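The structure appears below as structure tokens.
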Amino acid sequence: MGRRRKGEAVSGWIVLDKPEGLGSTQAVSRVRRAFNAQKAGHAGTLDPLASGVLPIALGEATKTVPYLVEADKTYRFTVRWGIETASGDREGGITARSEARPAPEAVRDALQTFVGQIEQVPPAYSAVKVGGERAYDLAREGIEVELKPRLVVIHAARLVEAPDADHAELEIDCGKGTYVRALARDLALGLGTVGHVSALRRTRVGPFGLDRAITLEILEEMCHRGAGSEVLLPVETALDDIPAMAVTAEDAFRLSQGRPIVLLPRQVETLKARLASPTGGGFASRTVLAVHGGSPVSICEMRAGQLSPTRVFNL
């Protein structure tokens, strides 16, 4: 017999408004302790210097983390012109200065050249692995490495405000793997100056925005008085972009045992139409969420007229 997990079998999502100065792993630990949950994880790291939306999965919701990691994100950040730092943010030592300050109109125009699929070289202080070592570990040791450019997607970029000549507040909607610090660096260079990110806030990860977020202090207080479930979102919330299909009790049982189910021809056609929709593609073009009685049963792949479970929920 396997050892019983410590803690409660709590399942669902918490949209944490992570404060500055707290690492993502630390935030997950505090949320897990607040709920006394058996298992927890997060979808998309936020640096200690950044604040904002950090989706934290508890229990069975951890099985949906890979799907949320792939989701689009929105960041609002401030660029400080005229000063370049080793880390690309306000923590790093100054590596270059410039007296040039771009006009707001120039910033607005230059931003549009970064919209779409672009090549981006990750910052030296990033989690990219080089020869099995993290780039930021090598950078801290003074070892220079050449990081290869990678393709990322920026869906939209906006100049929100230019409060003074030294700063510009920007906002972007982007895909997985986009580095805000690299964008600030490249934007500044394109404008004939240097710059770094002086403030960074993530305002959205997939379906999770600040309107659903809660601070750590309020969450811990609610859990202390037994009201934590009031802000716990359902496991399937992270799968909003994946088409759902209701299944019978018999089919739900088969899927829960890891066995495929056979679809009726009309079900196949309906799912094909929904999977082909621009808003129904989900994580992959064949991914479907099977539900029974309003609860998720399993994440499935549709192949050859069948639904085969890839992740089964125990709710």
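The values are calculated or read from the model by the stated rules, or taken from the named source; none is laboratory data. Keep in mind the model is a prediction, meaning the values are calculated, not measured. Glycine gets a Cβ as well: all are built from the backbone with ideal geometry, and neighbour counts include every protein chain shown. These accessible areas exclude ligands, DNA and RNA; they are computed on the full protein's heavy atoms, side chains included. Shrake-Rupley method; radii C 1.70, N 1.55, O 1.52, S 1.80 Å.
Would you confirm whether any residue within segment 47-65 is surrounded by fewer than 16 Cβ atoms within 10 Å (Cβ to Cβ) and among the hydroxyl-bearing types (Ser, Thr, Tyr)?
No; the residues of segment 47-65 include none that is surrounded by fewer than 16 Cβ atoms within 10 Å (Cβ to Cβ) and among the hydroxyl-bearing types (Ser, Thr, Tyr).
Could you count how many residues in segment 78-93 are free of Cβ contacts under 8 Å to residues at least 12 places away in the same chain and under 14 Å from THR193 (Cβ atoms)?
So the answer is 0.
Give the residues of segment 255-270 that are out of contact with any Gly (no Cβ under 8 Å at 6 or more places or on another chain) and surrounded by 19 or more Cβ atoms within 10 Å (Cβ to Cβ), sorted by residue number.
Correct list: LEU255, ILE261.
Tell me whether segment 280-302 contains one or more residues that are at pLDDT 95 or above, touching a Lys or Arg at 6+ places or on another chain (Cβ under 6 Å) and more than 28 Å from ILE14 (Cα to Cα).
no
Check segment 26-35 and report whether any residue there is buried (at least 19 other Cβ atoms within 10 Å of the Cβ), farther than 17 Å from LEU210 by Cβ and aromatic (Phe, Trp, Tyr).
Looking through segment 26-35, at least one residue is buried (at least 19 other Cβ atoms within 10 Å of the Cβ), farther than 17 Å from LEU210 by Cβ and aromatic (Phe, Trp, Tyr).
How many of the residues making up segment 180-194 are closer than 30 Å to LEU68 by Cα and open to solvent by 50 Å² or more (accessible area, probe 1.4 Å)?
1
Which members of segment 103-121 meet the condition of being touching a strand residue (DSSP E or B) at 6+ places or on another chain (Cβ under 7 Å), part of a loop (DSSP other than H, G, I, E, B) and closer than 15 Å to ARG185 by Cβ?
Matches in segment 103-121: PHE114 only.
Listed here are the residues, each with its yes/no results for (1) modelled with pLDDT of 95 or more; (2) open to solvent by 40 Å² or more (accessible area, probe 1.4 Å); (3) assigned to a strand (DSSP E or B); (4) farther than 14 Å from ARG76 by Cβ.
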position: VAL152; (1), (2), (3), (4): yes, no, yes, yes
position: HIS155; (1), (2), (3), (4): yes, yes, yes, yes
position: ARG158; (1), (2), (3), (4): yes, yes, yes, no
position: GLU161; (1), (2), (3), (4): yes, yes, yes, no
position: ALA168; (1), (2), (3), (4): yes, no, yes, no
position: GLU171; (1), (2), (3), (4): yes, no, yes, no
position: HIS196; (1), (2), (3), (4): yes, no, yes, yes
position: ARG202; (1), (2), (3), (4): yes, no, yes, no
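Among the numbered conditions (1) loosely packed, with under 14 Cβ neighbours inside 10 Å; (2) at pLDDT 95 or above; (3) more than 30 Å from TRP13 (Cα to Cα); (4) β-branched (Val, Ile, Thr), tell me where ILE143 comes up short.
Every listed condition holds for ILE143 apart from (2).
Just give me the residues in segment 223-239 being hydrophobic (A, V, I, L, M, F, W, C) and open to solvent by 30 Å² or more (accessible area, probe 1.4 Å), in sequence order.
VAL231, LEU232, LEU233
Scan SER51, SER87 and give me the residue that is of a type in the set (S, T, N, Q) and at pLDDT below 95.
One residue alone meets the criteria, SER87.
Do we have any residue at all in segment 207-222 that's in contact with a Phe, Trp or Tyr (Cβ under 8 Å, 6 or more places away or on another chain) and buried (at least 19 other Cβ atoms within 10 Å of the Cβ)?
The answer is yes, given that some residue of segment 207-222 is in contact with a Phe, Trp or Tyr (Cβ under 8 Å, 6 or more places away or on another chain) and buried (at least 19 other Cβ atoms within 10 Å of the Cβ).
Evaluate segment 307-314: report whether one residue or more is open to solvent by 80 Å² or more (accessible area, probe 1.4 Å) and small (Gly, Ala, Ser).
no
Given (1) within 30 Å of ALA27 (Cβ to Cβ); (2) in contact with a strand residue (DSSP E or B) (Cβ under 9 Å, 6 or more places away or on another chain); (3) small (Gly, Ala, Ser), identify the lone condition not met by SER295.
(2)
Within segment 213-255, work out how many residues are within 15 Å of the chain's Cα centre (by Cα) and of a type in the set (Lys, Arg).
0
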